[in-house]
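The values are calculated or read from the model by the stated rules, or taken from the named source; none is laboratory data. Since the structure is predicted, the reported quantities are computational estimates derived from the model, not experimental observations. Note that each Cβ is placed from the backbone with ideal geometry, even for glycine, and that neighbours are counted across all protein chains shown. The accessibility values were calculated without ligands, DNA or RNA, using every heavy atom of the protein model including side chains. Shrake-Rupley method; radii C 1.70, N 1.55, O 1.52, S 1.80 Å.
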Protein chains: 2
Amino acid sequence: VQGSPRGVDVVAFDGDDTLWHSEHLFTEAQARMAELLAPYVERDELEARLRETERANLPLFGFGVKGFTLSLIEAAIDLSGGAIPARDIGELVALGKSMLDHPVELLDGAAEAVEALADHHPLVLVTKGDLVHQESKIARSGLAARFARIEIVTNKDAATYRRIIAATGTSPERFVMVGNSLKSEIEPVLAVGGHAIHVPYEHVSHHEHVADLTALQGRYHEVASLREVPAVVAQIAARSIDR
Amino acid sequence: VQGSPRGVDVVAFDGDDTLWHSEHLFTEAQARMAELLAPYVERDELEARLRETERANLPLFGFGVKGFTLSLIEAAIDLSGGAIPARDIGELVALGKSMLDHPVELLDGAAEAVEALADHHPLVLVTKGDLVHQESKIARSGLAARFARIEIVTNKDAATYRRIIAATGTSPERFVMVGNSLKSEIEPVLAVGGHAIHVPYEHVSHHEHVADLTALQGRYHEVASLREVPAVVAQIAARSIDR
């Protein structure tokens, strides 16, 4: 065990694209939709309109595969001027179902990082999307038993993290969040005074987006792999005690 | 105040068709789908196939409007042999969106029952369906502030109620569930040793389905209106103390 867990109470993980792959399923579905709509529309316009449809539907649908599939269908009908055959729309429904049914593929080092940390900290999983799909992915991930608490939420904003930190009986300075999204897992946690470990998905570095690193007093960390996370948590814990 | 709350700790309510109307939106959507599909299929066959499609998709979609809408679309394509125009499928998507966006209409007496009980008991809302839709309905119901805890779940089985009872720090014999569905809110709560108040939706009585009432030792109650619920809770509380 590196360091002491005494300065850190709770370690929380994001699910999609932090512990298991997710984004590539959306990208692949969109590519298949582009093939189906090739007779009607250019790929660029399709992508722009799909994003627009998804954004407009977000307040009603929230995040997740079911809403994404309905947005695919809506955009396909619009973009084809109603000319797309029903069979092709049926293929979009089937595409959505195959996304929901897709095996859960853990990221490299996910199981090891969760195992190593679970021995010293209560772990929380904070994930966003369709309730039944997230529950099914958590069950199939094989990691569920390692989490003391599972939070499936509609929005990952500062208020959500404040509520979760309070519910776990800790305080922000003893809370560490691990995730791949600056917007959903890093910035709101830093905003409420917590620690955040950024694990960019597929080695895309975004750290230029984190404003004013000096003001964060070492609460922001970026690692290239989940394998580095236990050591960073241990450093945070040790440093907190020194103060 | 009738009776004493001392024998009852927590009162839990179902949402859909207990506190607010929901089922009629599904019935109306299905009727519109039947109109669109009238050229292809008889109404009876449509209803049977839609139910079958919903049942087959339940493990992937869970309960809720988004999955229902995808099942409508899938069944419409199948039942029309792929002949349904894309525009009609677009109308099914729009139908789903209007269901999600529909104003929340409280049942008669819902606000009063919740108000009256919230003064004496921590209240829990236990509801099933799409996370974002349930959250939105709870917010728009105007009742959210009266609930100490809100549980949006994928399944209302005995294990779910056992977990909720434990999470509220009470025991089954001091827990009362109020709901309209024997399968989702009454039977599983009785099975774990709790009290259940059945408020049948639209005065359809189903009490013949509750097996072996004598074995329930007065833990099953049926009322015609939410207005009667506070008095029944008070009776349960008083009786528990007498024992």
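For the range B:159-177, does any single residue satisfy the condition of being open to solvent by less than 40 Å² (accessible area, probe 1.4 Å), out of contact with any Phe, Trp or Tyr (no Cβ under 9 Å at 6 or more places or on another chain) and either within 13 Å of another protein chain (Cβ to nearest Cβ) or more than 26 Å from B:Leu216 (Cα to Cα) (or both)?
Yes, the range B:159-177 contains a residue that is open to solvent by less than 40 Å² (accessible area, probe 1.4 Å), out of contact with any Phe, Trp or Tyr (no Cβ under 9 Å at 6 or more places or on another chain) and either within 13 Å of another protein chain (Cβ to nearest Cβ) or more than 26 Å from B:Leu216 (Cα to Cα) (or both).
Right, B:Pro122: closer than 28 Å to A:Val153 by Cβ, away from chain A (no Cβ under 14 Å) and open to solvent by 10 Å² or more (accessible area, probe 1.4 Å) or not? Please lay out each step first, then the result.
On the way: closer than 28 Å to A:Val153 by Cβ: yes; away from chain A (no Cβ under 14 Å): yes; open to solvent by 10 Å² or more (accessible area, probe 1.4 Å): yes.
Yes: the conditions hold for B:Pro122.
Go through the range A:77-104 and count every residue that is open to solvent by less than 50 Å² (accessible area, probe 1.4 Å), aliphatic (A, V, I, L, M), within 13 Å of B:Ile89 (Cα to Cα) and at the interface with chain B (Cβ under 8 Å from one of its Cβ atoms).
Looking only at that region, the number is 5.
With the requirement that a residue be within 24 Å of B:Ala110 (Cβ to Cβ) and part of a helix (DSSP H, G or I), what does the range B:8-53 give you?
B:Glu23, B:His24, B:Leu25, B:Phe26, B:Thr27, B:Glu28, B:Ala29, listed by residue number.
Which condition breaks for A:Ile186 when tested against (1) farther than 21 Å from A:Gln235 by Cα; (2) crowded, with 17+ Cβ neighbours inside 10 Å?
(1)
State yes or no: is B:Lys156 assigned to a helix (DSSP H, G or I), of a type in the set (Lys, Arg) and buried (at least 19 other Cβ atoms within 10 Å of the Cβ)?
Criteria not met by B:Lys156.
Taking A:Ala145 as meeting all but one of (1) touching a Lys or Arg at 6+ places or on another chain (Cβ under 9 Å); (2) without any contact (Cβ under 8 Å) to a residue 12 or more places away in the chain, write down the number of the exception.
(1)
Just the residues that are polar (S, T, N, Q) and touching a strand residue (DSSP E or B) at 6+ places or on another chain (Cβ under 8 Å), please, taken from the range B:120-155.
Once the filter is applied, which keeps residues that are polar (S, T, N, Q) and touching a strand residue (DSSP E or B) at 6+ places or on another chain (Cβ under 8 Å), the range B:120-155 yields B:Thr127, B:Gln134, B:Ser141, B:Thr154, B:Asn155.
Hey, among B:Ala56, B:Ala83, B:Ala75, which residue is under 18 Å from A:Ile73 (Cα atoms) and not in a loop (DSSP other than H, G, I, E, B)? It would help to see each step written out before you state the result.
Numbers: B:Ala56 fails: under 18 Å from A:Ile73 (Cα atoms); B:Ala83 fails: not in a loop (DSSP other than H, G, I, E, B).
Matching residue, one of B:Ala56, B:Ala83, B:Ala75: B:Ala75.
Tell me, please, whether a residue that is in contact with a helix residue (DSSP H, G or I) (Cβ under 6 Å, 6 or more places away or on another chain), surrounded by 17 or more Cβ atoms within 10 Å (Cβ to Cβ) and at the interface with another protein chain (Cβ under 9 Å from one of its Cβ atoms) can be found in the range B:105-113.
No, there is no match, as no residue in the range B:105-113 is in contact with a helix residue (DSSP H, G or I) (Cβ under 6 Å, 6 or more places away or on another chain), surrounded by 17 or more Cβ atoms within 10 Å (Cβ to Cβ) and at the interface with another protein chain (Cβ under 9 Å from one of its Cβ atoms).
Go through (1) surrounded by fewer than 15 Cβ atoms within 10 Å (Cβ to Cβ); (2) within 14 Å of chain B (Cβ to nearest Cβ) for A:Ala31 and report which single condition fails.
(2)
Could you run through the range B:129-153 and say how many residues are of a type in the set (S, T, N, Q) and open to solvent by less than 30 Å² (accessible area, probe 1.4 Å)?
Step one: filter the range B:129-153 for residues of a type in the set (S, T, N, Q), giving B:134, B:136, B:141.
This time we only want the ones that are open to solvent by less than 30 Å² (accessible area, probe 1.4 Å), so: B:134, B:141.
The number of residues fulfilling the criteria is 2.
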